[in-house]
Amino acid sequence: MTHVLYLAHDLSDPAIRRRVLTLLAGGARVTLAGFRRGQNRLAEIKGVVPVALGETADGQFLQRMAAVAKASLSLGKTLSGIPAPDVILARNLEMLALAKRAMSIYAGQPALVYECLDIHRLLLNKGKPGQMLNAAQRYFARDAKLLITSSPAFVENYFKPVSGLGLPVLLQENKVLALDATVAATSQPRPPAPGEPWKIGWFGALRCRKSLEILAEFAKRMEGRVEIILRGRPAYSEFSDFDGFVAGAPHVHFHGPYKNPEDLAAIYNEVQFTWAIDFFEEGQNSSWLLPNRLYEGCLYGALPIALAGTETARFIEKRDIGFVLQNAGADDLAALFNRMNPQTYADAFNTLSALDRKQWLTDRDDCRLLVQQLSSLAKSASGHAREAQFSPV
């Protein structure tokens, strides 16, 4: 059984929980070690007790680096009771730095895999800070065997032309983890009853202040004909007063966190549309990512709304699904919904629902394939097997 030591930047991140569940479903043994993030609750995983390395703060890059440095000093003691892993999977740059220290602890030299699902804006800085951070990334990744990322645009816009890493790449899209064979896509459209509003869901990591302001202004302007439903984990460091703003915004409702994938069917079946637009790092990471909510919404029949020129827009245009706005202001949304009617909605829904649902899902076969690929890296690192087949950067 392949033993994976997963170094996580935020133990409460639902994406961490999903990756651990994926590895477990694929037949791996998983040791999870990482940082707590503020007041966020741990993303609980049955049978997995995480090793806490310290606490970090959302949006505080220097503080996180200091926490990593501190954890590094005692890492040998912290991991002393853990058998040597076959693979160390490091999520994000800060954990890649810690993985460098972890590699030195184990004589067997586990295979190092770098998982990077967001490109931090400092890595794209053209000045000294960006140069230094990219140099650090290259240093910490020099013994890595593989890079895992979630969007081809990350490869084309950053990893190939800028990073200098030169690692093989494994694309792992942010698909819905479907371990239950009964998981089914929504097959029937759900237009609002007469007199009821259309509903747009913005679910997941809520970190984009511009999106919140646009959606609130749009909902106010529509005077009850459209409601905005928010669910997930707000990045409070990015808002002056998230709770107060939402409480004062008419027709905008925040319903708190949810479990992924357990709650997805219930929450997406309450809405007709998915807000798949992000301005958090506009023109950079936000333009290149393919967010979780894109796959979740499409699986459950919530039509995506995207911004032209982004990777998300290209994704849905290729499949002729959802709606792409040339601009994403309140005026543009109002224009879209002023012409929205049950037939327009039903036609778009039927186009979406006709697609093969497998493209939205990670099933048990996918889980096993991922673990097999990681296992092949571990064997290759120890000289007992040939290199695995991956796409080079």
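The values are calculated or read from the model by the stated rules, or taken from the named source; none is laboratory data. Nothing here was measured: the structure is a model prediction, and the numbers come from that model. As a convention, Cβ positions derive from the backbone with ideal geometry for all residues, glycine included, and neighbour counts pool all protein chains shown. Only protein heavy atoms, including side chains, enter the accessible area calculation; ligands, DNA and RNA are left aside. Shrake-Rupley method; radii C 1.70, N 1.55, O 1.52, S 1.80 Å.
Annotations for the structure displayed:
- Straight Cα distances below 23 angstrom link Lys126 to the lysines Lys160, with same-chain residues fewer than 8 positions distant left out.
- Across segment 98-104, computed HN-Hα scalar couplings (Karplus, 6.51 cos²θ - 1.76 cosθ + 1.60, θ = phi - 60°) run 6, 5, 4, 5, 4, 4, 6 Hz from first to last residue, x flagging Gly and Pro.
- Candidate aspartates and glutamates - alpha carbon under 20 Å from Lys77, same-chain residues fewer than 8 apart omitted: Glu55, Asp86, Glu94
- With a Förster radius of 30 Å applied to the beta-carbon distance between Asp143 and Leu73, the computed FRET efficiency rounds to 0.90.
- Residues whose amide H comes within less than 5 Å of that of Leu303, counting only those at least five positions distant or on another chain, are Phe273, Thr274 (H built at 1.01 Å from N in the peptide plane).
- Amide H contacts of Gly54 (H built 1.01 Å from N, under 5 Å, at least 5 apart or other chain): Arg36
- All lysines inside 18 Å of Lys70 as judged from Cα atoms, apart from same-chain residues fewer than 8 positions distant: Lys100
- Cα-based helix-to-principal-axis angle, 14-25 vs the chain, degrees rounded to 10: 60 degrees
- Cβ-based net charge around Pro191, under 12 Å, with every Lys or Arg adding one and every Asp or Glu removing one: 0
- At R0 = 25 Å, FRET efficiency that the Cβ-Cβ distance of Glu213 and Lys128 yields, to 0.05: 0.15
- Counted residue by residue at 0.36 nm each, then reduced by the alpha carbon distance between them, the extension gain from Gln60 to Gln372 reaches 108.7 nm.
- Taking all protein chains together and rolling a 1.4 Å probe, Glu156 ends up with roughly 110 Å² accessible.
- Sulfur and carbon atoms: percent of accessible area, the chain [1.4 Å]: 50 percent
- Shape of the chain, Cα gyration tensor, a/c cut at 1.5: prolate
- With the simple model of a label 7 Å out from the Cα in the direction of the Cβ, Arg190 to Leu171 spans 3.0 nm.
- In the context of the full set of protein chains, residues of the chain present 44 Å² of accessible surface per residue (probe radius 1.4 Å, heavy atoms only).
- Rounded to the nearest Hz, the phi-derived 3J(HN,Hα) couplings of segment 143-153 under the Karplus curve 6.51 cos²θ - 1.76 cosθ + 1.60 (θ = phi - 60°) are 9, 6, 9, 7, 10, 9, 9, 10, 9, x, 5, where x marks glycine and proline.
- Taking segment 9-26 and a reference point 7 angstrom along Cα→Cβ of Glu262, the backbone N atoms nearer than 16 Å belong to 12-22.
- Calculated on alpha-carbon atoms, Rg and Dmax of segment 1-152 in Å: 14.8, 45
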